[in-house]
Each structure stands twice: as structure tokens, then as C-alpha cells.
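Enquirer: Structure incoming, see below.
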Amino acid sequence: MPDLKPDPKPDLKPDPEILDGTDPPPSWQIGAVHRKVDAMDRMRGLARYTDDLKLPGLLHAKILRSPHAHAKIVAIDASRALARPGVHAVVTGRDLPTPYGIIPWTPDETALALDKVCHVGDGVAAVAAVDEDTAIEALDLIEVQYDVLPALFDPEEALASPVQINPFAKKGNLSKDVVLEFGDPQAENTAADLLIEGDYFFEGTTHAAIEPHCAVASIEPNGRLTVWSSTQVSHYLHRELAKGLDLPPHQIRVIQPPIGGAFGGKSEPFDLEFCVAKLALRTGRPVKLLYTREEVFYSHRGRHPMKMRFRTGFDRDGKIRGVQARTIIDGGAYSSFGLVTTYYSGQLLCAPYRFAAYRFHSTRAYTNKPACGPKRGHGSVQPRFAIEVQLDKAATALGIDPIELRRRNDLGSNVTTVNEFAVGSNGFLECLERVEAASQWRRRDALPYGRGLGVAGSTYISGTNYPIYPNDMPQAAVQIALDRSGRVRVFSGANDIGQGSNTMLAVIAANELGVELDDVRVLSADTDLCPVDLGAYSSRITLMVGQACQQAAHRLRGQVCRAVARRWSVPVRRVTLIARQALDLEQPERTVPIAEAFQWAEADDGLLGAVGNYDTPKDRHGDYRGGTIGASPAYSFTAHVAEVRVDEETGIVEVVKIWVAHDCGRALSRRIVEGQMEGSAYMGFAEALFERHAVDPEHGGVHLGPSLLDYRLPTFADTPEIESLIVEAPDANGPYGAKEAGEGPLHPSIPAIANAIYDAVGVRLDDLPFGPAKVLAAIEARKADEGAAGRPAYKAARSPA
């Protein structure tokens, strides 16, 4: 029999207004190990992804893409393509002229280029044909006349150039500029005992989801349009389709089938969704468009390249005084989430450490490259790399252990950051303690030359405090219905992109209603059937949608417990729901099957259904322009230790192991949380050593490696052992105290590896990735510098590894 004691954690009970006399449920599902609710369908090959959809009369579409990085479109002639047998329609930018953008203040792209193309791979025209081969052949028959323009690939050059890249830009090639100052960091740094200055570069990276983007559109005789898409933001796609197609929203339905990974790369509308919709409207037949892998790379929306200059002042005891950051952000051709990225590059740096004063100046520029956007850990992975290396440099200069220096600067719990964000629970100190113990950190000084340990910490948001477009409606909503058979149906607009959000909802519903996970069916991400949810971004779903689900489930729990209490003639507080039964807490031998309990409740109250809503508290930020961006109901905290082995002769870095301690508030499903921690650490490790999303300016801006063969990613053989250490510091704003676990654990991997490389061979690598040639050059430069200065070789006292 499961433990029947109620959850002992204080101040985390559901809203008293929905208790209805019942006590909180025993946490018999919370914190257990669960199989994902869709795992068996995926493992057995039964899951139907977007490309698996085959509708009667289906046409296939392809997009003609620009070979030029920057050019005016003088003329497009599609007559030869339209004359080809099997071709049913061609559309161009003139058919979809309305500009759009995921951020409502920056609608600066169209589904297909109107008057100019802004990067290699920009869409120019789309063809619908009887099959893919015919569509591809038709693309070659479309004649486009271009007037090639100067292309700008460097953000600083673009900012200084009179040549404007984006035709909708309001200030030349300036996408966004943010300057915020809190206190007087210049004065603090002038008075500091130690000033660390450094220049850092973070190369762009892409998401590399297994499933390429895909969309299918179908039009009904009454004009109703259905779009199936591998999107992670069904609601925002629905809004933008209505705008771009000039259709009323009630005439559009968006469905997200099972998705093969996203990591932020599918968190906004793309050209293919507009194209299949327009072609379906034009032809009256369903249309499918599947990106090639090359198209995925050119559509991009991945991690922004950033050039960062940091000045950080310290007292002699290691306390941080002032932080000054100047960041140049390469945004590519379009805004995407760039407005938010620019703020995140500075706003999310102010924890887990306390700063006496802080200033950041971040500038995002348009360039003739594929547009950058949100990738796992959006906007804050790059500056986290810089500040954590700064801290390590300070620890070395001051002779303070790197973990101890971080302890001395811990922000604490229930505090306000220097930029006026309210932070609730904070398990960062425990994270440091856990990785210190697990890695046997104190052996660091005994490691031989070529072996090293590095540490880094971070924080991340559990959802952004405000929606992408301003409104007063809830950020999340869930509907739950109970069936007489003992089954539970959960309706949620949230997008499960592999992170397990459907399983999270099932766990909460099962825990509240006393059923097993197999008894819960979650229907999600269908704009016709489910309440509005804003999507899978900024690690918002567990906290926000989880709260809404808990609220709805607890209301139904109250109804069922009251019905049972009436029939047993006992106080409702004596009734609990657990293990598919209702049970008397004072006479545990008295039980009734959960199906019968549901029937009693339906007899008393009628059809059993409830809704739950969640909106964020509005007291989480300061009152200044930009103060809302980066504010969150709760923050997760993370610490990593990485162990590396560096070959001095080849420059090859082997990451032996990464220890990941993450404060997720409360682990609702332990195996899924561990999986998110390990996946995050893996992605950070890959960005540190392997990944580089870049174009070749000397060859017209073509991508250097737009395939999974050329774009370097670590295989199983390359991947280090990763040990996940769950830390639980419950937060009152999360369901059962839960916070995010899907993005925060990525941030420390990169600087922890950088700091471990320094510990191993004494070289600082301040630009990414850390490839063998770069490492070897740094080692040779260090040796030459030591020889010229007459200093002993780094770690000379150590024996070789």
C-alpha cells in the first residue's frame, strides 16, 4: 500500500478556495519514476508524425530558395513551371504579402520574399505538384531575375553600413539596442581590489532535431482550413496564419502531431506553414511540405553568435562588486525572438550571484545570414559562459577555490536581484555541495598535467512572466473530464515536444484523482479541442500548465471525496483517493473502487468536468522599461563540475564526466527530470567542443555544412558519462513546488568544460568551440609565453597524465 501521509512540505497546498474540505492528496505519484505516456507508441513505430499523414488527393510542395545572400527580385516567371504536367499551383511573395513575426512589435518577414532576398536560402516561390519529384523539377522551371546587392556578414560592419538588409527595419541594420544600469558599476569596479576583463565569442549553433519541419494543410468544402504542423507553438501559429492568410481565426484549426524534437527551433511560424495553407486554398486539395535537412539549416532560428566584453570587479575576499557587459549580437536576416534575446543577454545574468552594481549594453544587428532565434536556454547561455569564466579567472588570481568563491557570492532565497527580479526558492548552495561531493572536487590539486576539473553555476526562468502578445487572459488553462469507468481525460493546449509535458499532466491528474497513469488520456495541442496554451518555450509548461492542471484536478477531487463522504457518513477530510480507490484514512479497510466513487459523484453533481487556469503574479519585477522581460514566477538553479583529459600533442579534449546538480523545485517525475538534465548537459557539451553554425562570406554566404554529416555533433562514442543529481528546493509558485528542468541544466556545461581545460593545461579558451587546433595553438602560445618570461611550465610539479 502506498504511503498515505499527506505531503509534509509547508506552504505548498492548493488554493484554499478549491479545497472544498478535502486535504491535499498523498504524493503517491509525485516524485515517482514513470514511463512517458506516449513512449510505447513511439517505440513500436505507431506514432504518426506530420510527415506520416497521408490524405486523399494529397499534393506535395517545395520552395524555391535564393542562391544569393542579398539581392533585389526584379522579376519572377512561373509560366513554364505551371505548364509542366502534374503541377497544380505556384505561389510567390505577392500571394502572401502580409509581414509577420512571433514578437508583435517586430513583424519584419513575409512567408516568401516580396522585393528582395536577405540570405542564401530565403524562400522565393512555392510549387504544389502531384509528388515531390515533380515539385522539385518545377522549381527548376521558375525563372527569377535578381539584382545582386552587397552582402554583410559581420554584425559590426552591418551596423556601420548604409546598405539596409531587412526592408522592414526601422533603424538601418539595428535590430534592437538595450542599455540598462543598476547602481554604479563603474565606481564599484574602480574601487575593486581585482578587475577581470575579458573578450568572449560564442559561435552560433543550431538545434539539430531529428525530425525536420513539416506541415500539411487541408481545406474543407465550407472553407475551414486545418493545418498539421511540427510546431511547438500551436496557438501563436494559429494567430499568425489568420493574419497572414486574412482569414478569421475560427476558420482555422492547428494540430500538432507527435513531434521529433524541437529545442526552440520550431517555436515560431515558418514559411512552409503559410505556403501549404495558401496552396491548399488555391487548389482545394490537401498539401504537404517537408523540409530537407539543408532547408532546416537555412531556416535556422538557432543560437545567436555573440561577441561579449566583460569587466568584473572583486573584493580581495572574492565578493563581486561591479559587472559591466557589452554584447554585440548577430541576429541574421530577421527579428525572430531577437527583441527578447537582446534583453535576455543581460537580464538573466543577475543570479545565482549577488552583484553590487550592474550594467549591460546589448546590441542586436541584422546580417545577411539565416535568422537566429531561441535555442534551449534562449539568450542566456552565451553570457553565462562569459561570466562563469570571469569568476574562474578571479578565483585563480585571488587564490580562492572556485566553488568557495561561488558560495561567497550566493544570492540566497526570497530575495531581489540587482535588476529587481523577485527570486523565491533557491537551491544553488546545495547544488554546489552535491557536485563538490560527487566529483570528489578536493582531488583537483592532485590530478596530473592534462587532467582537470572545472565548475560553473547558473539559473533559468520557469516561464516568462508575460505572454508574447499583451492580454489579460490566463497564460495556461486545462480542462479535465471524469468518466464513469474510472478514466480521466485531460485537455491541454500545451505542446509536448519530447520533454514529457503530457506525462507531467497525467502525473498531476493521477495524483490528485487517485488513478494510475494508464487511466489518464491527455489530448493536447489541437486548437479546436483544447483550451488556449501559449506553447513550449521558456520552460513554462511545468509551472504554468501544471498549476492549471492541479487546480482543475483538485476541484474534481473535492467533488468525488464529498460524494464518498456522504455515503459513508464521515467528514470529507477522512476520504482520500489513491491507487484506484477511495479510502477512509481512519478506517483504511473501508474502500470503494474509484470508478464507483466517480459514479457517486456524477449522481450527485451531474457530468464531472472542471477547468483550471493559471496566470502569473505581477510582483516579480521592477518598474522600468524592460523590467518585465526575464521576470519569472520561479527560477531554477544549477551547478556542474566537468572533468576533462587534454592531449597536449594533438589538442584533443576528452570530457570524461559531467556532474549535474539541478534545483527543479520538486521532481514530479524523476526519470523525466533526470533525462532533461542529461539531455541539457549533452547539448552544452556539444556546443563546447563540436558545433559551429556559420556561413562562408568568401563564397557568397552559403552554409559551411548544412547536413548532419558536415555539421559536427557528438555521437554516443564521444559523449561523456553524465551523472544527474536532483536538488529539490520547492517554490510556492509551482505545482507541488516544481520548477523548470528542461533548459537551465544546459548553461553550466560550457563554462565548466572551459574552466576544466584551464585546470588541465593552463590555457584560457574564451571563444567557442574548443576544437583541437584552437586548443593546441593556445597550449603552444602558453609555452612560448612561459619560456619568454622565464616561468616554469604550468603544473610542472605534476606528472604527465
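The values are calculated or read from the model by the stated rules, or taken from the named source; none is laboratory data. Note that the coordinates shown come from a computational prediction; the quantities given were computed from them, not determined experimentally. We place every Cβ from the backbone using ideal geometry, glycine too, and count neighbours over all the protein chains shown. These accessible areas exclude ligands, DNA and RNA; they are computed on the full protein's heavy atoms, side chains included. Shrake-Rupley method; radii C 1.70, N 1.55, O 1.52, S 1.80 Å.
Enquirer: Restricting to Cα pairs below 8 Å that are 6+ residues apart, what does the relative contact order work out to for segment 350-458? Please round to a whole percent.
Expert: 34 percent
Enquirer: Using a Förster radius of 25 Å, what is the FRET efficiency between Leu55 and Ile210 based on their Cβ-Cβ separation? Nearest 0.05, please.
Expert: 0.60
Enquirer: Another question, then. How much of the DSSP beta bridge set in the chain is antiparallel, as a percent to the nearest 5?
Expert: Restricted to the chain, the bridges split so that about 75 percent are antiparallel.
Enquirer: Here's another thing I want to ask about it. Relative to the present Cα-Cα distance, how much length would full extension add between Asp154 and Leu174 at 0.36 nm per residue of separation?
Expert: 5.9 nm
Enquirer: P(r) for segment 82-200, please, calculated from all Cα pair distances in 10 Å bins and given in %.
Expert: 10, 27, 24, 18, 11, 6, 4, 1
Enquirer: Separate question: Residue by residue, what Karplus-based ³J(HN,Hα) values in Hz, rounded to whole numbers, does segment 440-449 have, using 6.51, -1.76 and 1.60 with θ = phi - 60° and x for Gly and Pro?
Expert: Values per residue, Gly and Pro as x: 6, 3, 5, 7, 3, 5, 8, 5, x, 4 Hz.
Enquirer: Turning to a different aspect of this structure: Less than 20 Å apart at the alpha-carbon level, and either on another chain or at least 8 residues along: which lysines does that give for Lys116?
Expert: Within the straight-line cut-off, Lys116 pairs with Lys62, Lys72, Lys170, Lys171, Lys369.
Enquirer: While we're looking at this one, here's another question. For Arg671 and Leu708 in one chain, what is 0.36 nm times their gap in residues minus the Cα-Cα distance, to one decimal in nm?
Expert: Extending this stretch completely gives an extra 10.5 nm.
Enquirer: When the helices in the chain are scored as -39500 (n - 2.57) per DSSP H run of 4 or longer and the sum is shared across all residues, what 222 nm value do you end up with, to the nearest 500 deg cm²/dmol?
Expert: Taking each H run of at least 4 residues, the total per residue is -8000 deg cm²/dmol.
Enquirer: Hey, can you rank 673-679, 72-78, 246-252 by average C-beta count inside 10 Å, highest first?
Expert: Listed from highest to lowest mean packing, they are 673-679, 72-78, 246-252.
Enquirer: In nm, to one decimal, how far is the Leu607 label point from the Asp246 one, both placed 7 Å along Cα→Cβ?
Expert: 3.9 nm
Enquirer: So what J values fall out for segment 544-549 if you push phi through Karplus, 6.51 cos²θ - 1.76 cosθ + 1.60 with θ = phi - 60°, rounded to Hz, Gly and Pro as x?
Expert: 7, 6, x, 5, 5, 5
Enquirer: Would you mind listing how long segment 704-778 runs along its three principal axes, going by Cα atoms, in whole Å with the largest first?
Expert: On the principal axes, segment 704-778 reaches 50, 35, 22 Å in Cα extent.
Enquirer: Something else about it: When the distances between all Cα atoms of segment 418-527 are binned every 10 Å from zero, what whole-number percent does each bin get?
Expert: Here the calculated profile for segment 418-527 is 10, 25, 23, 22, 14, 6, 1.
Enquirer: Which value in Å is the Kirkwood Rh of segment 643-764 over different Cα pairs?
Expert: Over segment 643-764, the inverse of the mean reciprocal pair distance is 16.2 Å.
Enquirer: Contact order normalised by length for segment 154-258, with contacts defined as Cα pairs under 8 Å and 6 or more residues apart; what percent is it?
Expert: After rounding, I find 16 percent.
Enquirer: Another one. Please list, in chain and number order, the residues 5+ apart from Leu59 or on another chain whose amide H is under 5 Å from its amide H, with Hs placed from the backbone.
Expert: Residues meeting the amide H criterion: Val287, Lys288.
Enquirer: Residues of segment 90-119 with amide nitrogen under 16 Å from the 7 Å Cα-to-Cβ point of Lys72?
Expert: 114-118
Enquirer: Express the accessible area of segment 136-192 per residue in Å², computed with a 1.4 Å probe while the remaining protein chains stay in the model.
Expert: 55 Å²
Enquirer: With a point put 7 Å past each Cα toward its Cβ, work out how far Arg80 is from Asp528 in nm, to one decimal.
Expert: Between Arg80 and Asp528, the simple spin-label model gives 4.2 nm.
Enquirer: Now a separate question. Starting from the Kirkwood radius over alpha-carbon pairs of segment 279-330, derive D by Stokes-Einstein at 4 °C in a medium of 1.567 mPa s and give it in µm² s⁻¹.
Expert: Values: Rh = 16.1 Å.
Once the numbers are plugged in, D ends up at 80 µm²/s.
Enquirer: In addition: What lysines could a cross-link reach from Lys783, if we take a straight Cα to Cα line under 17 Å and drop same-chain neighbours fewer than 8 places away?
Expert: Candidates past the 8-residue exclusion: Lys774, Lys795.
Enquirer: Check each of the chymotrypsin sites (Phe, Trp or Tyr not before Pro) in segment 95-166 and keep only those in coil by DSSP with at most 15 other C-beta atoms within 10 angstrom; list them in order.
Expert: Those satisfying the criteria are Trp105.
Enquirer: Normalised by the residues of segment 400-440, what does the relative contact order come to in percent, with Cα pairs under 8 Å and at least six apart?
Expert: 32 percent
Enquirer: On to the next question. Starting from the Kirkwood radius over alpha-carbon pairs of segment 179-287, derive D by Stokes-Einstein at 4 °C in a medium of 1.567 mPa s and give it in µm² s⁻¹.
Expert: For the chosen part, D equals 76 µm²/s.
Enquirer: Ranked highest first by average number of other Cβ atoms within 10 Å, how do 25-36, 124-135, 692-703 line up?
Expert: Descending mean neighbour count gives 124-135, 25-36, 692-703.
Enquirer: Using the Kirkwood radius built from alpha carbon pairs, what does the Stokes-Einstein equation give as D for the chain at 20 °C and 1.002 mPa s, in µm² per second?
Expert: Numbers: Rh = 27.8 Å.
Once the numbers are plugged in, D ends up at 77 µm²/s.
Enquirer: Using a 1.4 angstrom probe on heavy atoms only, work out the carbon and sulfur share of the accessible area of the chain in %. Please report the intermediate quantities before stating the final value.
Expert: Working: 14520 of 28680 Å².
Carbon and sulfur: 51 percent of the exposed surface of the chain.
Enquirer: Right, next: Any chance you could run the full-extension gain for Asp767 through Arg282? It's 0.36 nm times the residue separation minus the Cα-Cα distance, nm to one decimal. Write out the running numbers ahead of the final one.
Expert: Details: separation 485, 0.36 × 485 = 174.60 nm, distance 4.92 nm.
Result: 169.7 nm gained on full extension.
Enquirer: Let me check I have the definition right: for segment 584-654, take the eigenvalues of the Cα gyration tensor, multiply each by 5, take square roots. What are those semi-axes in whole Å, largest first?
Expert: 53, 30, 13
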